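The values are calculated or read from the model by the stated rules, or taken from the named source; none is laboratory data. Keep in mind that this is a model prediction, so the values were computed, not measured. Cβ placement follows ideal geometry from the backbone for every residue including glycine, while neighbour counts extend to all protein chains displayed. To get the accessible areas, we keep the full protein, side chains included, count just its heavy atoms, and leave off ligands, DNA and RNA. Shrake-Rupley method; radii C 1.70, N 1.55, O 1.52, S 1.80 Å.
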Amino acid sequence: MAKEIDRIRARSALETIKESPLIAAIALLPVLAVLGVVWWLTNWFVALVLLIVFGVVVVVRGRIIS
């Protein structure tokens, strides 16, 4: 049952993004702003490492919550 709910939420999220990409852009704007500032203050490699760390945290946090 829990897997079905996750599929429904995932499909709903994808449909929302397809209907209005502006919503996804607004949701991603803070992350892009932080990465842009980090890139500007340091270099592209540090921004890339930070992006990878953010991705790992999101994946691990999602598995812990689920």
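Details
- Förster radius 25 Å - calculated FRET efficiency between A13 and F45, Cβ distance, rounded to 0.05: 0.20
- Among the listed options (1) 3.5; (2) 5.3; (3) 4.0, the one matching mean projected area of the Cα convex hull in nm² as calculated from these coordinates is (2).
- On a per residue basis, the stretch 7-65 carries 90 Å² of accessible surface, using protein heavy atoms and a 1.4 Å probe.
- Ligands, DNA and RNA left out, the 1.4 Å accessible surface of the chain is 74% carbon and sulfur atoms.
- The chain: angle of helix 21-41 to the longest principal axis, Cα-based, in degrees nearest 10: 30 degrees
- Positive-end residue of W39, V57, I17, charge dipole of the chain with Cβ unit charges: V57
- Principal-axis analysis of the Cα atoms of the chain puts helix 44-65 at an angle of about 30° to the longest axis.
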